[in-house]
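Asks: Could you have a look at this structure, given as structure tokens, before my questions?
The values are calculated or read from the model by the stated rules, or taken from the named source; none is laboratory data. Since we're looking at a predicted model, the values are computed, not measured. All Cβ positions, glycine included, derive from the backbone under ideal geometry; neighbour counts span all protein chains shown.
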Amino acid sequence: MPEAPSTLSDDGSFDENNKKLLQFFEDITTNADEVQKKILNEILSRNIGVEYLQRHGLNGNTDYENFKEIMPVVTYEDLKPDIDRIADGDRSSILCSQPISEFLTSSGTSGGERKLMPTVEEELGRRSLLYSLLMPVMDQFVPDLEKGKGMYFLFIKSEAKTPGGLLARPVLTSYYKSSYFKKRPYDPYTNYTSPDETILCLDSYQSMYSQMLCGLCQNTQVFRVGAVFASGFIRAIRFLEKHWPLLCDDIRNGTLNSQITDPLVREAVMKILKPNPKLAEFIETECRKESWKGIIPRLWPNTKYIDVIVTGTMSQYIPTLNYYGSDLPLVCTMYASSECYFGINLNPLCKPSEVAYTLIPTMGYFEFLPVAREDEGPEKSKPYDKNDLVDLVDVKLGQEYELVVTTYAGLYRYRVGDILKVAGFKNKAPQFHFVCRKNVALSIDSDKTDEVELHDAVVKASTHLLPFEASLTEYTSYADATTIPGHYVLYWEINQSSETLIPTLVFEDCCLTIEESLNSVYRQCRVSDKSIGPLEIKVVENGTFDKLMDYAISNGASINQYKAPRCVKYAPIIELLNARVVSSYFSPKCPKWVPGQKQWCSS
Ligand code: AMP
């Protein structure tokens, strides 16, 4: 198997390092089949004695065919009892022979709480390798990036301890706090405007303020801007809209206002900040203008692209980014998860709709469960068979698949829940469009709310209407990304037999009850990250959902099978609903949220 170049050593020139990395990528994609079999063999050989593999009868056999025949394809729910044992402190080799170093808290949820993904120390190295491939690829399309800086808004989030003492935190928090990030050797590609101390500050206001201030101070040196997801970058622009007067004062005087109290942040920022009345005046003039169209290239004139994920649900932010960015290229570089990092985009300047991620064959062992197409009739509902799974190199162009991974950290044939479509190949390695995440109805930031969860929350909230002899007859929902931050909107049609007016307070209670009932990722986004705005209920006039049905039927839906959609995205339908709104209400306050999992807090 090709050896990954040691990206951390600084022998050899910067160009040579890029070449080495690209050659490595060339080699592993050319030999994708051999590499994948080797990875599977390595994972199984290391872990052959672990309880999970024994339980499933692997019996010391690391054979590829045996694995394919014996190992079940699983979801998080199947693994939960084992994960809970590890979280509770069982240190025996349950899933993995190497010690589980921590849990990565996924934005996917189970029972309303974040999923806990086991990880091992060496996984950080594997993930760093993916990061190190991004800029050599980018350099082929946008040269000289090493001569400027990246203004990236990066954040850490709070961490918790499991009852057994393991850390549980998001994957990026784990990465930014690791020596791979903090002690990275000098590399012009990781030359960011934000000092590490500002990224590593847990207070989200201080972190954002200081990162924005440093980005503004160094505005002409900035060649690229970004955040992980589009929603995060838009949040940063919104922050600037609110706080530019204070930021300009600090730039003018070369002082840092007293709201920034973290001593490490203060010290790091003061190394960069110098009194600059001219720059302050320039920023002030731009920010005062009525239109913020093109504010990114106006304030950071040498920006060549915006580096954010705009595939999947994040595509809803493309119009906003195009507005602020004046059509600067939107670049999606990578596809990754808490379970495993997956792939990179080899054509980063392509349109967002054309983004395809090449899976990196060394990250884990990948299999693919074909997803039946709409036109395949009743067959599509047949339960999958594990024999249907195909290997990385055997996927077919144009076909959709659900991704299944086997990782070094103890996941075996684990369904990630992402649906991917084969868009092409890089040598033998397939390239995928991200189609969607299974069962996600609503998403604004990293939250993922499914229909069942939404339904349970709505049913609970609608009981507030009963004292007014009113009931909910129909509802649907919409993730409104046009507000900053975006928010969930619910359209309610109500049937009331009495004349009593339902007070505003009651609807506001309904909004809050829904928010309280949604999963912890949603509530964290509302409370801690403030990346989701208050939930809104729009009451629509009676007969609106009949009109919705008429519309669907006139567009070819079957009258017998018609069900009101629980979530809508299509603009004409949203217009139809909005035209019939009689009143609207917002959640009056944030729902409750505390770091960690509910069961740990009560213990
Ligand atoms: P998490 O579980 O919080 O680590 O989130 C991982 C999930 O985020 C993936 O399984 C995808 O559903 C989504 N995701 C990650 N990267 C991308 C991307 N580039 N485009 C679309 N969705 C992505």
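Asks: Please report, ordered by residue number, the strands (runs of 3 or more DSSP E) entirely within segment 384-457 with at least 1 residues that are of a type in the set (K, R).
Replies: By residue number, 414-426, 429-437.
Table: residues versus (1) without any contact (Cβ under 8 Å) to a residue 12 or more places away in the chain; (2) in contact with a Phe, Trp or Tyr (Cβ under 8 Å, 6 or more places away or on another chain).
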position	(1), (2)
I537	no, yes
D546	yes, no
N560	yes, no
A571	yes, no
E575	yes, no
Y585	no, yes
C590	no, no
V594	yes, no
W600	no, no
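Asks: While we're looking at this one, here's another question. Would you tally the residues in segment 242-266 being assigned to a helix (DSSP H, G or I) and in contact (Cβ under 8 Å) with a residue 60 or more places away in the chain?
Replies: Looking only at that region, the number is 2.
Asks: Could you say which residue among S207, S231 is hydroxyl-bearing (S, T, Y), at pLDDT 95 or above and either touching a strand residue (DSSP E or B) at 6+ places or on another chain (Cβ under 8 Å) or part of a helix (DSSP H, G or I) (or both)?
Replies: The match here is S207.
Asks: Now for a different question. Determine whether H464 is of a type outside the set (G, A, S), without any contact (Cβ under 8 Å) to a residue 60 or more places away in the chain, more than 11 Å from the ligand (Cβ to nearest atom) and assigned to a helix (DSSP H, G or I).
Replies: Criteria met by H464.
Asks: Return the pairs, sorted by first residue and then second, in which the second residue is among the hydrophobic types (A, V, I, L, M, F, W, C), the first residue lies in segment 51-64 and is on the phi > 0 side of the Ramachandran plot, the beta carbons are less than 6 Å apart, and the residues are 6+ apart or on different chains.
Replies: G57/I70; G60/I48
Yes or no, residue by residue, for (1) touching a strand residue (DSSP E or B) at 6+ places or on another chain (Cβ under 6 Å); (2) within 20 Å of Y414 (Cβ to Cβ); (3) acidic (D, E); (4) modelled with pLDDT of 95 or more:
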{"residue": "P2", "(1), (2), (3), (4)": "no, no, no, no"}
{"residue": "D10", "(1), (2), (3), (4)": "no, no, yes, no"}
{"residue": "L22", "(1), (2), (3), (4)": "no, no, no, yes"}
{"residue": "I28", "(1), (2), (3), (4)": "no, no, no, yes"}
{"residue": "N31", "(1), (2), (3), (4)": "no, no, no, yes"}
{"residue": "N47", "(1), (2), (3), (4)": "no, yes, no, yes"}
{"residue": "K80", "(1), (2), (3), (4)": "no, yes, no, yes"}
{"residue": "D88", "(1), (2), (3), (4)": "no, no, yes, yes"}
{"residue": "P99", "(1), (2), (3), (4)": "no, yes, no, yes"}
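Asks: Exactly one condition in (1) under 29 Å from G49 (Cβ atoms); (2) within 11 Å of the ligand (Cβ to nearest atom); (3) small (G, A, S) is not met by A336; state its number.
Replies: (1)
Asks: Within segment 48-66, which residues are under 16 Å from C96 (Cβ atoms) and in a helix (DSSP H, G or I)?
Replies: Matches in segment 48-66: E51, Y52, L53, Q54, R55.
Asks: Considering segment 283-333 alone, what residues qualify as being over 13 Å from G226 (Cα atoms), among the aliphatic types (A, V, I, L, M) and within 16 Å of the ligand (Cβ to nearest atom)?
Replies: Correct list: M314, I318.
Asks: Out of curiosity, is K278 of a type in the set (D, E, K, R) and within 21 Å of G150 (Cβ to Cβ)?
Replies: no
Asks: Just give me the residues in segment 394-406 being away from the ligand (no atom under 13 Å from the Cβ) and either in contact (Cβ under 8 Å) with a residue 40 or more places away in the chain or surrounded by fewer than 17 Cβ atoms within 10 Å (Cβ to Cβ) (or both), in sequence order.
Replies: Of the residues in segment 394-406, the ones away from the ligand (no atom under 13 Å from the Cβ) are 394-401, 406.
Across segment 394-406, the qualifying residues are D394, K396, L397, G398, Q399, T406.
Asks: Could you tell me whether segment 447-460 includes any residue that is within 13 Å of the ligand (Cβ to nearest atom) and in contact (Cβ under 8 Å) with a residue 12 or more places away in the chain?
Replies: Yes, there is a match, as at least one residue in segment 447-460 is within 13 Å of the ligand (Cβ to nearest atom) and in contact (Cβ under 8 Å) with a residue 12 or more places away in the chain.
Asks: Next question, about the same structure. Every residue in segment 407-441 that is β-branched (V, I, T) and either within 14 Å of the ligand (Cβ to nearest atom) or buried (at least 23 other Cβ atoms within 10 Å of the Cβ) (or both), please.
Replies: Within segment 407-441, T407, V416, I419, V435, V440 qualify.
Asks: List the helices (runs of 4 or more DSSP H) that sit entirely inside segment 73-189 and contain at least 2 residues that are of a type in the set (V, I, T).
Replies: Correct list: 76-87, 171-176.
Asks: Just to be sure before I move on: is S204 farther than 24 Å from K147 by Cα, surrounded by fewer than 19 Cβ atoms within 10 Å (Cβ to Cβ) and of a type in the set (S, T, Y) in the structure I sent? Break it down into steps so the answer makes sense when it comes.
Replies: On the way: farther than 24 Å from K147 by Cα: yes; surrounded by fewer than 19 Cβ atoms within 10 Å (Cβ to Cβ): yes; of a type in the set (S, T, Y): yes.
Considered against the rule, which asks whether it is farther than 24 Å from K147 by Cα, surrounded by fewer than 19 Cβ atoms within 10 Å (Cβ to Cβ) and of a type in the set (S, T, Y), S204 comes out as yes.
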